[in-house]
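Participant: Pasting in a structure now, in structure tokens, and then I'll have a few things to ask.
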Amino acid sequence: MKSYRELLDRIKDKLHPEGVAMQSRLAIPEPDVIWVGNRTIVRNFGNIAEAIGRDPQKVLIFLARELATAASLDEDKRAIFIGRKDLQSFKVLLQRYVKDYVICPVCKSPDTKLERHKRVTFLICEACGAKSPVRD
Ligand SMILES: [Zn+2]
């Protein structure tokens, strides 16, 4: 005799075969930020990009633009920003990046990729197949 809990889980699995409902939020690692002189270094930037499944260079370009500064990646995939930027800014911007460029707006799955067609970038969802244009 299965427990009510197990039965409920099985029903949920049937309703959401991809586990879509469970994955509506990605765990973004806490940015590990240090300040050296007039620079801000995100030491775990490579891990963050990996966790959200995006090219570190693309995430870097987004952050640099939103922070209105110049940024570069070093050989250890640490991100170096010109100017002193606070931890909270990185957290807010990374959440916005994930919301706009990673999470499928239709089914909320993070299982997506970006593809460029002509002059428009689309977020392609591997869970539900939705193709949503995103802001460049
Ligand atoms: Zn989707």
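Participant: Kindly indicate whether Lys91 is more than 16 Å from the ligand (Cβ to nearest atom), in a loop (DSSP other than H, G, I, E, B) and at pLDDT 95 or above.
Facilitator: no
Participant: When the residues of the range 14-35 are filtered to those that are exposed (fewer than 12 other Cβ atoms within 10 Å of the Cβ) and more than 16 Å from the ligand (Cβ to nearest atom), which remaining residue is modelled with the lowest pLDDT?
Facilitator: Of everything passing the filter in the range 14-35, Lys14 is modelled with the lowest pLDDT.
Participant: A follow-up question, please. So, of the residues in the range 36-56 that are among the small types (Gly, Ala, Ser) and within 10 Å of the chain's Cα centre (by Cα), which turns out to be surrounded by the most Cβ atoms within 10 Å (Cβ to Cβ)?
Facilitator: Once the filter is applied, the top-ranked residue is Ala49.
Participant: Now for a separate question. Can you tell me which residues in the range 78-88 are small (Gly, Ala, Ser) and part of a loop (DSSP other than H, G, I, E, B)?
Facilitator: Within the range 78-88, Gly83 is the sole residue that qualifies.
Participant: Under the condition of being aliphatic (A, V, I, L, M) and near the ligand (Cβ under 9 Å from one of its atoms), which residue from the range 125-136 is farthest from Gly53 (Cα to Cα)?
Facilitator: That would be Ala130.
Participant: If we scan the range 98-114, do we find a residue that is of a type in the set (Asp, Glu), within 16 Å of the ligand (Cβ to nearest atom) and crowded, with 16+ Cβ neighbours inside 10 Å?
Facilitator: yes
Participant: Residue under question is Glu115, and the condition is that it be farther than 20 Å from Pro29 by Cβ and free of Cβ contacts under 8 Å to residues at least 12 places away in the same chain; does it hold?
Facilitator: Numbers: farther than 20 Å from Pro29 by Cβ: yes; free of Cβ contacts under 8 Å to residues at least 12 places away in the same chain: yes.
Spelling it out, Glu115 is indeed farther than 20 Å from Pro29 by Cβ and free of Cβ contacts under 8 Å to residues at least 12 places away in the same chain.
Participant: Working only within the range 85-99, note down all residues that are aliphatic (A, V, I, L, M) and touching a Leu at 6+ places or on another chain (Cβ under 9 Å).
Facilitator: Leu93, Leu94, Val98, listed by residue number.
The values are calculated or read from the model by the stated rules, or taken from the named source; none is laboratory data. No experiment lies behind these values; they were computed from the predicted model shown. Neighbour counts are summed over all protein chains in view; Cβ atoms, including those assigned to glycine, are modelled from backbone coordinates with ideal geometry.
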